[in-house]
1. Let me check I've understood the local charge: for Glu211, count other residues with C-beta under 15 angstrom from its C-beta, Lys and Arg +1, Asp and Glu -1. What total comes out?
2. Most mobile of Ile183, Ile167, Ile27 per a Gaussian network model of the chain (Cα springs, under 10 Å)?
3. In degrees, nearest 10, range 0 to 90: what is the angle between the Cα axis of helix 118-139 and the longest Cα principal axis of the chain?
4. Sorted from fewest to most neighbouring beta carbons within 10 Å, what does the list Ile93, Ile80, Ile142 look like?
5. Step through the residues of region 31-39 one at a time and calculate ³J(HN,Hα) from phi using the Karplus curve (6.51 cos²θ - 1.76 cosθ + 1.60, θ = phi - 60°), rounding each to whole Hz and writing x for Gly and Pro.
6. Give me the net charge for the shell around Tyr189: Cβ to Cβ below 10 angstrom, other residues only, Lys and Arg +1, Asp and Glu -1.
7. Net charge around Ile144, counting only other residues with Cβ within less than 9 Å of its Cβ (Lys, Arg = +1; Asp, Glu = -1)?
8. State, to one decimal in nm², a quarter of the convex hull surface area for the C-alpha atoms of the chain, i.e. the direction-averaged projected area.
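Read-outs: derived from the displayed coordinates by stated rules, not from any lab. Treat the numbers as computed from the prediction; the structure is a model and nothing was measured. Cβ atoms come from the backbone with ideal geometry, glycine included; neighbour counts cover every protein chain shown.
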Amino acid sequence: MRNRFDRQLMRLNQEMIDMGALCEEMITAAAKVTASRDKELMEDMKVMEEEINHKERDIERICMKLLLQQQPVATDLRVISAALKMVSDMERIGDQAEDIAGIVRKEAEILNVRENTHLDKMAKAAIDMVSRSVKSFIKQDIEIAREVMEKDDVVDDLFRQVKKEAISLIHDDPEKGEEGVAIVMIAKYFERIGDHAGNIAEWVEFSITGEYKGGSL
């Protein structure tokens, strides 16, 4: 019985790895379309978002099977419960990456976002947070999880810089008001993605220690 349980746990880990990879791919694509306004890539993102939604349902089913058909010990129960919480954050990451693409589609004619800006750095930081948060779950590594939580401050600081740059852009050229607003909206979605990665890391900490510091369970 335990061998079967362990095989299902391994499958859960693999599905989490796959969903995490999809989320990372989505955010990377969101960063690329922001700079390139690549219409083909925007269409690809719609497909990726659907794949993430399917993965979420698959993982939920695996977790429910583990809970209902087996008798997990306390440690296993925490891992399964954390996975259920994490996939919700991962699904929202996919949604927000697609929301970024939606802004770019709508504002393609006015957006002029260059690489190596604070927005670009923000996107890269968010990608790293998501990647490392999933890695911390798979490896059950609390140090990586805590590093992700600490990096949330970096993303927040970059968001403030983006807002300052947008205000300066509008101040220097009032006709660029719509572009400035669009840039801030895109940055806000990247900030939220960072928040979700931080949530994932908090659930990893719970799965390892039994303590949840993110609020009510």
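1. Details: positive: Arg78, Lys85, Arg146, Lys213; negative: Glu202, Glu205.
Computed value for this residue: +2.
2. Greatest mean-square fluctuation among the candidates belongs to Ile167.
3. 0
4. On the way: Ile93 32, Ile80 21, Ile142 15.
Fewest to most other Cβ atoms nearby, the residues stand as Ile142, Ile80, Ile93.
5. 5, 5, 5, 4, 7, 9, 6, 6, 5
6. -2
7. On the way: positive: Arg132, Lys135, Lys139, Arg146; negative: Asp141, Glu143, Glu147.
That sum, taken over residues with Cβ under 9 Å, equals +1.
8. On the way: hull surface 48.0 nm².
The Cα convex hull of the chain, projected and averaged over all directions, gives 12.0 nm².
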